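I have placed the structure first, in the form of structure tokens, so that the comments after it can refer back to it.
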Amino acid sequence: LQALDMARVIDEARTTLEQVLGPGMSLRIEIAGPIPAIHADPSQVLSVLTNLATNAREATGGQGSLTIGLDSCVIDDPPLERQWLRPGRYVRLTVADTGVGMDAVARALAFHPFFSTKGLGNGRGLGLAMVYGILKQSRGFVWVDSEPGSGATFTVLFPASRTGGSTPDTTETILLIESDDQLRPMIAEVLH
């Protein structure tokens, strides 16, 4: 993990994101105010951005727009619908597309491994699960707001770095994907 300037990471990823989106989509980046550093793995942050861009491309059929917003926020008292948020200072990344949107079932399952709205044989359904795993490992959060026909907005919160050079928490998280109900606990025990 290292201290990262998210505005710089997004700027450096612009060309990659434009390639992921393809020629039929426009990319807009909006950065508001000074952004504190985060402690994260740069390749994982790039993976979050590219997976969300890929999701947007698929949701729009390659025709539309993607807006990436970056700012900072403080959560003192989490809203009722997001009581799982921890109070603190965060770097907030929003990724909004003009795609088909999601119904309540798709929103509820969006971050589950192997869930895909693309139908059997079209996609593996791991992109958003990877985003979720990376955010959990970084002690961050991700959720989606969407309605059918209204696009989707993914909100990603990375904890802002503390001042004074404090070291980040080095707790690791492993995402175990195994469909066999008898094999899964054994693998979890071995990994533990």
Margin query: One residue is enough: does the stretch 172-190 have a residue meeting the conditions at pLDDT below 75, open to solvent by 80 Å² or more (accessible area, probe 1.4 Å) and charged (D, E, K, R)?
Written below: yes
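Tell me which residues, restricted to the stretch 51-69, are in contact with a Ser or Thr (Cβ under 8 Å, 6 or more places away or on another chain) and crowded, with 18+ Cβ neighbours inside 10 Å. Give the derivation first.
Going through the stretch 51-69, the residues in contact with a Ser or Thr (Cβ under 8 Å, 6 or more places away or on another chain) turn out to be 60, 64-69.
Thr60, Gly64, Leu66, Ile68 - these are the residues of the stretch 51-69 that are in contact with a Ser or Thr (Cβ under 8 Å, 6 or more places away or on another chain) and crowded, with 18+ Cβ neighbours inside 10 Å.
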Next item on the list: Hey, can you tell me all the residues within the stretch 79-119 that are farther than 21 Å from Gly22 by Cβ, open to solvent by 80 Å² or more (accessible area, probe 1.4 Å), assigned to a loop (DSSP other than H, G, I, E, B) and at pLDDT below 90?
Entry: Gln83, Trp84, His112, Phe114
Check: Applying the selection to the stretch 1-50, what residues are open to solvent by 50 Å² or more (accessible area, probe 1.4 Å), of a type in the set (A, V, I, L, M, F, W, C) and not in a helix (DSSP H, G or I)?
Finding: Leu1, Ala3, Ile31, Ala32
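Results for (1) out of contact with any strand residue (DSSP E or B) (no Cβ under 7 Å at 6 or more places or on another chain); (2) among the hydroxyl-bearing types (Ser, Thr, Tyr), shown as yes or no for each residue.
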| site | (1), (2) |
| --- | --- |
| Ala13 | yes, no |
| Leu17 | no, no |
| Ser43 | yes, yes |
| Asp97 | no, no |
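The values are calculated or read from the model by the stated rules, or taken from the named source; none is laboratory data. As the structure is a prediction and not an experimental result, all values here were calculated from the model. Neighbour counts run over all protein chains shown; Cβ positions are idealised from the backbone, glycine included. Please note that ligands, DNA and RNA were not included when accessible areas were found on the heavy atoms of the full protein model with its side chains. Shrake-Rupley method; radii C 1.70, N 1.55, O 1.52, S 1.80 Å.
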